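Reviewing the structure listed below.
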Amino acid sequence: MATYDAAAEAIARPAVRVTGMQAMASRMWAPFIIMGVLVVLASFVIGVIVAQVSADYFGEAAAARETAGSQAFVDQGFGSPAEGKELVDKKVFIESTSAWLTPFTFLGLGLILGGITFLLATILGTLRVAGGNVQQALGTNIVVPSPPVTARLFPMFMMMGLMILIGALAIGIILAILNADYWDHSIVVLNAAPAGSGLVSDLGTIRAVETWLNPFKFVGMALLLSGIGLALTTIVWTLRFQSRRLLDILAGRP
């Protein structure tokens, strides 16, 4: 009975409490995962809309798509100037939305991984308190080890990964604006743009940024996944320490 009373006292008044980061993590893991899932679902819905607009756009004749927005569209009998402008607007929507949609989806995945990282930090906090409670209940010296290097690194990896994904989304939005400016012209005009013109310069910038933005997003994902790996390593280290500590107590070592 005395053992149970000591255990109840240890749980009611724990000798060891969670760190500030672990306390924050216990409050943040669920909102992060929920936000991430909502972002991914929103990305899917937007993707369906873009797919529908793409189907409508590419369902038109190639000549109509190329001349849309120019007088040739009307002269060739494809429709009125307003219909030609509507076709141009569809192209603008497709290209500009595609520029930021993928980074937006990656940010949603990043939030989910960040929530998992926070959940692992919460588990570490639970192990910390439970280890102290067990030692307190057994009436022995309470030993709390200094956290390993991995415990200090995994929150930084998570934050760096999220910042990179947020930065990628910001760049994607800027790229979307450039795409909207570039594609808001007839393809005939775009194809006839001379070297050194603003249109050609915009296209060069768009293609250059697209080339490095894709691997940039994966750098953020790699940091987040590495952070999860470091957090799991910390949990394994903590479990091993607590096992050794329990064996020391059972062996009568202080």
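The values are calculated or read from the model by the stated rules, or taken from the named source; none is laboratory data. Since the structure is predicted, the reported quantities are computational estimates derived from the model, not experimental observations. A quick note on method: Cβ atoms are made from the backbone with ideal geometry, for glycine too, and the neighbour counts reach across all protein chains shown. Ligands, DNA and RNA are stripped out before the accessible areas are found, and what is left, the full protein with its side chains, is counted by its heavy atoms. Shrake-Rupley method; radii C 1.70, N 1.55, O 1.52, S 1.80 Å.
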To the nearest 0.05, the calculated FRET efficiency linking Glu83 and Ala42 through their beta-carbon distance, R0 being 35 Å, is 0.70
For the range 113-254, the convex hull over Cα atoms projects on average to an area in nm² of 10.5 nm²
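Under 8 Å for C-alpha pairs, at least 6 residues apart: give me the relative contact order for the range 102-175, rounded to a whole percent.
Numbers: 26 pairs, mean separation 41.4, N = 74.
For the range 102-175, the relative contact order is 56 percent.
What are the semi-axes of the equivalent ellipsoid of the chain, taken as the square roots of 5 times the eigenvalues of the Cα gyration tensor, listed largest first and rounded to whole Å?
Numbers: eigenvalues 732, 59, 22 Å².
With the √(5λ) rule applied to the chain, the semi-axes are 60, 17, 11 Å.
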Straight-line reach check, Lys85, cutoff 18 Å on alpha carbons, 8 or more apart in-chain or any other chain, hits among aspartates and glutamates -> Asp56, Glu60, Glu66, Asp75, Glu95, Asp181, Asp184
The set of residues whose placed amide H lies less than 5 Å from the amide H of Val144, leaving out same-chain residues fewer than 5 positions away, is none
Descending packing, highest mean Cβ count within 10 Å first, for 190-200, 124-134 is 124-134, 190-200
In whole percent, the fraction of accessible protein surface over the chain that belongs to carbon or sulfur atoms, probe radius 1.4 Å, stands at 70 percent
Applied in sequence order to the range 136-143, the curve 6.51 cos²θ - 1.76 cosθ + 1.60 (Karplus, θ = phi - 60°) yields integer Hz couplings, x standing for Gly and Pro, of 5, 5, 7, x, 10, 5, 8, 10
Using a 1.4 Å probe on heavy atoms of the protein chains only, the accessible area for Glu60 in Å², nearest 10, reads 90 Å²
For the chain, dividing by residue count, accessible area per residue (probe 1.4 Å) in Å² works out to 54 Å²
Stokes-Einstein D for the range 185-225 (4 °C, 1.567 mPa s, Kirkwood Rh from Cα pairs), in µm²/s, comes to 107 µm²/s
Once phi for every residue in the range 237-246 is put through the Karplus expression 6.51 cos²θ - 1.76 cosθ + 1.60 (θ = phi - 60°), the whole-Hz ³J(HN,Hα) values, with Gly and Pro written as x, are 4, 5, 5, 5, 4, 5, 5, 5, 5, 5
Scalar couplings 3J(HN,Hα) for the range 75-90 by Karplus 6.51 cos²θ - 1.76 cosθ + 1.60 (θ = phi - 60°), nearest whole Hz, x for Gly and Pro, are 4, 8, x, 7, x, 7, x, 5, 5, x, 5, 4, 5, 5, 4, 5
Taking Cα atoms, the helix 2-12 axis meets the longest principal axis of the chain at an angle in degrees (rounded to 10) of 30 degrees
Per-residue ellipticity at 222 nm attributable to helices in the chain (runs of n ≥ 4 DSSP H, -39500 (n - 2.57) apiece, nearest 500 deg cm²/dmol) works out to -29500 deg cm²/dmol
